[in-house]
Amino acid sequence: MLSIIVCVKQVPDTQKAVFDPKTGAIDRSATGNIMNPDDRHALEMALALKDAHGATLCALTMGPPHADEVLYEACALGADRGVLLSDPRFAGADSLATSRALARAIERLGPFDIIVTGREAIDGNTGHVAYQLSEFLDAPLVSQIHRIRIDGAHAIIERQYGHEYQTIRCPLPALLSVGSRDNRVRHPRLADIAAGAVQPIRRMTMDDIGGSESDYGASGSPTIVIGAELFSHTRGREALPGGTAEKVEALVHRLKKHNILRY
C-alpha cells in the first residue's frame, strides 16, 4: 500500500485581506484563514491516488496552533491523519526555513512513496517549497501533471511540456507539485465533516524534528524584505475602430503583443 504525505498550508483569504498601510503586509489578525487553493488541488491528487491504488494519506502543515483547522478539513475530505508542525521558534520562516522544517518532519514520519504539494501559496507566491523539499529529501520532482498511475515502484506520469505532452517513468519515492489547473477538487459530505472534526491531530515541535534554532524561523531564513508597497489594479476600456474585420485584426494584434495569443 502506498504511503502518501500531502503538504497543506493555512493562508489568509487574500480576497478579503486587510493590509497594514505602513508595511504593506497582510494583517493576519484581521483576515480570515483558508486552505491554500493550490494545496486543495494537491490534496485532490493525493485522494485520487488513494482511491485508485489504495494508500495511507497523511496531511502535514506547519503554522501556529490554529493551523490545525486545515488538517481537520483535509481529514473531512479523506486524509487518514493530520500532523501539525508548530513551534514559536519557527516564526518568521521564509520558504527555505519552512522547507527545511517540513523535510525533517517528513523524515521523522517514516518511509513515504509520494509527497504532494501545491504549486505555490497565495500569501507569498514564491513557488519554492516543492523544489526545496525535492533537494532536502533527494526525491525527483514532477510538475504540470495531466495524468498519473502507479506501476510497482514507479509512477507513470503524463505531463504538459510547453505546447505538448510527455510521458515519463519516475521512480518512487517522488514529489509531485500540483496547481489549480491540474484537476477539479471534491467537496466533503456532511458526515465526513463531522468525522474529520474529531480526528486526532499529531503535534510536533522543533524538539521532535531535531536541529537548532538557527536552522528555523527568522534565524534560518536568508530572505530579507527590503520594502513593501500596496498597489491596486484598475480596468480600462478601449474601443477598436473600423468594421468587424478591422476590429478582429486589431484585437488579435493586441493579444499577440501581450503574449496572450501565440499563434
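The values are calculated or read from the model by the stated rules, or taken from the named source; none is laboratory data. Fair warning: this is a prediction, and the values are worked out from it, not measured in the lab. Cβ placement follows ideal geometry from the backbone for every residue including glycine, while neighbour counts extend to all protein chains displayed.
How many of the residues making up the range 63-92 are within 27 Å of Asp215 (Cβ to Cβ) and assigned to a helix (DSSP H, G or I)?
Total meeting the criteria: 11.
Let me spell it out: the conditions are (1) of a type in the set (Lys, Arg); (2) over 29 Å from Arg40 (Cα atoms); (3) touching a residue at least 60 places away in the same chain (Cβ under 8 Å), and Lys247 meets all of them except one. Which number is the exception?
Exception for Lys247: condition (3).
All but one of (1) in contact (Cβ under 8 Å) with a residue 60 or more places away in the chain; (2) surrounded by 12 or more Cβ atoms within 10 Å (Cβ to Cβ) hold for Ala197; which doesn't?
With (1) in contact (Cβ under 8 Å) with a residue 60 or more places away in the chain; (2) surrounded by 12 or more Cβ atoms within 10 Å (Cβ to Cβ) applied to Ala197, the lone miss is (2).
Looking at the range 150-181, which of its residues are under 19 Å from Arg119 (Cα atoms) and in contact with a helix residue (DSSP H, G or I) (Cβ under 6 Å, 6 or more places away or on another chain)?
Leu175, Ser177, Val178, Gly179, Ser180
Got a sec? Which of Arg119, Arg81, Arg108, Arg40 is within 14 Å of Val8 (Cα to Cα) and surrounded by fewer than 19 Cβ atoms within 10 Å (Cβ to Cβ)?
Going through Arg119, Arg81, Arg108, Arg40 in turn, just one is within 14 Å of Val8 (Cα to Cα) and surrounded by fewer than 19 Cβ atoms within 10 Å (Cβ to Cβ): Arg81.
State all residues of the range 105-126 that are farther than 16 Å from Pro173 by Cβ and touching a residue at least 40 places away in the same chain (Cβ under 8 Å); if no residue qualifies, say none.
Taking the range 105-126 and keeping what is farther than 16 Å from Pro173 by Cβ, we get 118-126.
Once the filter is applied, which keeps residues that are farther than 16 Å from Pro173 by Cβ and touching a residue at least 40 places away in the same chain (Cβ under 8 Å), the range 105-126 yields Gly118, Arg119, Glu120, Ala121, Ile122, Asp123.
If you scan the range 163-202, which residues turn out to be part of a strand (DSSP E or B) and of a type outside the set (Val, Ile, Thr)?
Glu164, Tyr165, Gln166, Arg169, Cys170, Pro171, Ala174, Leu175, Leu176, Ser177, Arg202
Is it the case that some residue within the range 67-77 is crowded, with 22+ Cβ neighbours inside 10 Å and charged (D, E, K, R)?
So the first thing to find is which residues in the range 67-77 are crowded, with 22+ Cβ neighbours inside 10 Å, and the list is 70-71, 73-75, 77.
From what's left, charged (D, E, K, R): 73.
Yes, the range 67-77 contains a residue that is crowded, with 22+ Cβ neighbours inside 10 Å and charged (D, E, K, R).
Give the residue, chosen from Gly179, Gly227, Gly210, that is exposed (fewer than 12 other Cβ atoms within 10 Å of the Cβ) and closer than 30 Å to Met1 by Cβ.
Only one candidate qualifies: Gly210.
Of these, Ala174, Ala245, which one is exposed (fewer than 11 other Cβ atoms within 10 Å of the Cβ), modelled with pLDDT of 90 or more and of a type in the set (A, V, I, L, M, F, W, C)?
Unique residue meeting the criteria: Ala245.
Among the residues in the range 211-225, are any at pLDDT 90 or above, out of contact with any helix residue (DSSP H, G or I) (no Cβ under 6 Å at 6 or more places or on another chain), under 30 Å from Leu57 (Cβ atoms) and not in a helix (DSSP H, G or I)?
yes
For the range 131-152, how many residues are of a type in the set (Gly, Ala, Ser) and either more than 20 Å from Ala48 (Cα to Cα) or at pLDDT 95 or above (or both)? Give the derivation first.
Pass one, the range 131-152, residues of a type in the set (Gly, Ala, Ser): 134, 139, 143, 152.
Now narrow it down to the ones that are either more than 20 Å from Ala48 (Cα to Cα) or at pLDDT 95 or above (or both): 134, 139.
Qualifying residue count, the range 131-152: 2.
Pick from the range 28-44 the residues that are in a helix (DSSP H, G or I), of a type outside the set (D, E, K, R) and within 12 Å of the chain's Cα centre (by Cα): which of them is nearest to Ser99 (Cα to Cα)?
To start, the set of residues in the range 28-44 that are in a helix (DSSP H, G or I) comprises 28-30, 37-44.
So of that shortlist, the ones also of a type outside the set (D, E, K, R) come out as 29-30, 37, 41-43.
Next cut, within 12 Å of the chain's Cα centre (by Cα) only: 37, 41-43.
On the way: Pro37: 19, His41: 19, Ala42: 16, Leu43: 18 Å.
By that ranking, first place goes to Ala42.
Among the residues of the range 82-97, are any in contact with a His (Cβ under 7 Å, 6 or more places away or on another chain) and of a type in the set (Ser, Thr, Tyr)?
Yes, the range 82-97 has at least one match.
Hey, among the residues in the range 122-157 that are hydroxyl-bearing (Ser, Thr, Tyr) and in a loop (DSSP other than H, G, I, E, B), which one's surrounded by the most Cβ atoms within 10 Å (Cβ to Cβ)?
Among residues in the range 122-157 that are hydroxyl-bearing (Ser, Thr, Tyr) and in a loop (DSSP other than H, G, I, E, B), the one surrounded by the most Cβ atoms within 10 Å (Cβ to Cβ) is Ser143.
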